[in-house]
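The values are calculated or read from the model by the stated rules, or taken from the named source; none is laboratory data. Here the structure is a predicted model, which means the values were calculated and not measured. Using ideal geometry, Cβ is built from the backbone for each residue, glycine included, and neighbour counts are taken over all protein chains shown. Areas reflect the complete protein model, heavy atoms only, side chains present, ligands, DNA and RNA absent. Shrake-Rupley method; radii C 1.70, N 1.55, O 1.52, S 1.80 Å.
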Amino acid sequence: MPGAGTVKYGGNTACVEIRVGQRTIILDAGSGIIPLGRELARRHALDVVLLFSHLHHDHTQGFPFFVPAYLPNVRLHIFGPGGTPETLSRVLEHNQSSETFPVSLREMASSKDIQSVRESQVIVWDEAGVRLAESTVSLVSEAVVIRIHKSYAHPGGVYIYRITWRGKSIVYATDTEGYVGTDRKLVQFAKDADVLIHDAQYSEEHYRGQLAGFPSTQGYGHSTVTMACEVAAASEAGQLILFHHDPSYSDALVAGMEASAKAQFDQSRAAYEGLEVTLTPSPSPVRRGEVKRDVKYANND
Ligand SMILES: [Zn+2]
Ligand SMILES: [Zn+2]
């Protein structure tokens, strides 16, 4: 929601860029992907991985305006949930049908590899390129490894991603609601992540229906600050980023939620437009011989 009340934390819907060395991975294509697309075009990014947590409007609506998708030399590797491998491409095509948008997906000049993936698959990006593997595969530590946890804590389900490279991990857990006793599967999946980006859409009062004029949001598939902090503490995350702010919340309200989060989990902050977090990857511990052996094993799998 653009406007005077959302200047600090921003008015765009979900989009996060993960830069891994020279590689670019994008989490969700909310309206935040529009300014990011212009930036990537300036940077001449040729290969881009785009991961969808799920296919609700607020996570896909920026894609038709994503400049790199219109550039003929750009290769987009797009992954997300879906019942069949074609589900994701069908939904994206539908979002740009002639009734809803003037340019179809096929008319966008970039080359696009679009696939619905399963929880048991891992997305690997190494020197050989971007590919899918089964989760049992042995991987060299130079590869960017993206693992998937399928959560049912959001209507229709949602994918939570863990991106790991050279000993550093980021977990992206948007559009998820906390459970009594904390979401143990998520805690396990997010264990020791350096950065946990977690849904914290609602204030406690709003969630419980105690905010005048607002119904309770229990069961909507979004968390409170406390739920996010519980997952961060239990998984021993390095830092927590509160994410997916409610469109009706002002900057002042989000600032209050951030203060409440810090009291519960010290290393917390609310995501804002342009926030950058830097992680220093550990130097690769793998010697050349080990790389060769691992690659051979991976190819045989
Ligand atoms: Zn959603
Ligand atoms: Zn959402």
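Of all residues in the range 195-220, those satisfying the criterion of being within 22 Å of CYS15 (Cβ to Cβ) and either within 16 Å of ligand 2 (Cβ to nearest atom) or open to solvent by 40 Å² or more (accessible area, probe 1.4 Å) (or both) are ILE197, HIS198, ASP199, ALA200, GLN201, TYR202, TYR220. Among residues of the range 221-233 that are closer than 13 Å to ALA263 by Cα and open to solvent by 10 Å² or more (accessible area, probe 1.4 Å), those with a Cβ under 7 angstrom from a residue that is away from ligand 1 (no atom under 16 Å from the Cβ) and of a type outside the set (Val, Ile, Thr), sequence gap 6+ or separate chain, pair up as THR226/GLU204; THR226/GLN264; ALA233/PHE265. For the range 155-170, the criterion of being modelled with pLDDT of 95 or more, open to solvent by 20 Å² or more (accessible area, probe 1.4 Å), in a loop (DSSP other than H, G, I, E, B) and under 25 Å from LEU279 (Cα atoms) is satisfied by no residue at all.
Taking (1) hydrophobic (A, V, I, L, M, F, W, C); (2) at pLDDT below 95; (3) open to solvent by less than 10 Å² (accessible area, probe 1.4 Å) in turn, VAL137 satisfies each apart from (3). Sub-8 Å Cβ pairs linking a first residue in the range 95-106 that is part of a loop (DSSP other than H, G, I, E, B) to a second residue that is charged (D, E, K, R) and open to solvent by less than 50 Å² (accessible area, probe 1.4 Å), at least 6 apart or interchain, number zero. For the range 78-93, a residue qualifies if it is more than 16 Å from ligand 2 (Cβ to nearest atom) and open to solvent by 30 Å² or more (accessible area, probe 1.4 Å), and the qualifying residues are GLY82, GLY83, THR84, PRO85, GLU86, ARG90, GLU93.
Screening TYR9 with (1) part of a loop (DSSP other than H, G, I, E, B); (2) within 21 Å of ARG162 (Cα to Cα); (3) open to solvent by less than 20 Å² (accessible area, probe 1.4 Å) gives one miss only, at (2).
Can you name the residue in the range 142-152 that is open to solvent by 10 Å² or more (accessible area, probe 1.4 Å) and assigned to a loop (DSSP other than H, G, I, E, B) and is also nearest to LEU186 (Cα to Cα) among such residues? Checking each candidate, the answer is TYR152.
Is it true that GLY157 is within 16 Å of ligand 1 (Cβ to nearest atom) and farther than 23 Å from VAL49 by Cα? When the stated conditions are applied, GLY157 does not pass them. Quick one: would you say PHE79 is among the aromatic types (Phe, Trp, Tyr), at pLDDT 95 or above and either under 24 Å from VAL122 (Cβ atoms) or in contact with a Ser or Thr (Cβ under 8 Å, 6 or more places away or on another chain) (or both)? For PHE79, the condition - among the aromatic types (Phe, Trp, Tyr), at pLDDT 95 or above and either under 24 Å from VAL122 (Cβ atoms) or in contact with a Ser or Thr (Cβ under 8 Å, 6 or more places away or on another chain) (or both) - is met.
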